[in-house]
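Chemist: Could you have a look at this structure, given as structure tokens, before my questions?
The values are calculated or read from the model by the stated rules, or taken from the named source; none is laboratory data. Model, not experiment: these values are computed from the prediction. Every residue, glycine as well, gets a Cβ built from its backbone with ideal geometry; the counts of neighbours run over all protein chains shown.
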Amino acid sequence: MGHVGRFRLDEDVLVRRGTRAVCRTSRGLELGTVLGPARSGGGTADLADGRILRKMAPEDEMLWGHLQGLGRDAHSGCCDWLNSQGIDATLLEVEPLLDGKTLYFHFLSEIDDGVQEYLDHLVSLYEERVRDSKFAKLLEHGCGPGCGTEKAVNGCGSRGGCAVCKIASACNKKPA
């Protein structure tokens, strides 16, 4: 849904207006867009909305795109279920977090316990889809034979490694 806040910034991270960043908030890891420098009159105490960890890297963007697709699937599935049950509730958005485990369902109004029970079920299905997705398997096992070595079939042994290996931190590891 979007939130405007003040975030702490590590000194070695340089960001400017419009920069997409990975942020740690009270909800978890999230995507943020820098609006401008925080102006603090009372020190750093009012910068308590979270912390900017780093600029979004291509690997983060790839992960975010995958999670957004799964979030759209969850939105569609939930809307279909609401319609099939004759429940008059308006789902505005399903928001995934960058941790790949958290979904926020934003409704126009309060929902009853039956809807909440179904949402819990939908979240468990989402978590299962994330865990079983090709993307998750790439993160766990790498991009192919020889992943992270000079003998890599898919190129991760050259020029700093492939995006999958960077996310999985597999590149430049010694083979077992």
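Chemist: Could you go through the stretch 112-131 and let me know if any residue there is surrounded by 13 or more Cβ atoms within 10 Å (Cβ to Cβ), closer than 27 Å to Arg24 by Cβ and among the polar types (S, T, N, Q).
Modeler: No, there is no match, as no residue in the stretch 112-131 is surrounded by 13 or more Cβ atoms within 10 Å (Cβ to Cβ), closer than 27 Å to Arg24 by Cβ and among the polar types (S, T, N, Q).
Chemist: Next question. Among the residues of the stretch 60-97, which ones are in contact with a helix residue (DSSP H, G or I) (Cβ under 7 Å, 6 or more places away or on another chain), under 16 Å from Leu119 (Cα atoms) and assigned to a helix (DSSP H, G or I)?
Modeler: Matches in the stretch 60-97: Leu70, Ala74, Gly77, Cys78, Trp81.
Chemist: Which residue is modelled with the lowest pLDDT, if the candidates are limited to the stretch 86-102 and must be more than 12 Å from Gly71 (Cα to Cα) and acidic (Asp, Glu)?
Modeler: Filtering first and then ranking leaves Asp99.
Chemist: If you take the residues in the stretch 76-111 that are in contact (Cβ under 8 Å) with a residue 40 or more places away in the chain and among the aliphatic types (A, V, I, L, M), which one is surrounded by the most Cβ atoms within 10 Å (Cβ to Cβ)?
Modeler: Restricting to residues being in contact (Cβ under 8 Å) with a residue 40 or more places away in the chain and among the aliphatic types (A, V, I, L, M), the top hit is Leu98.
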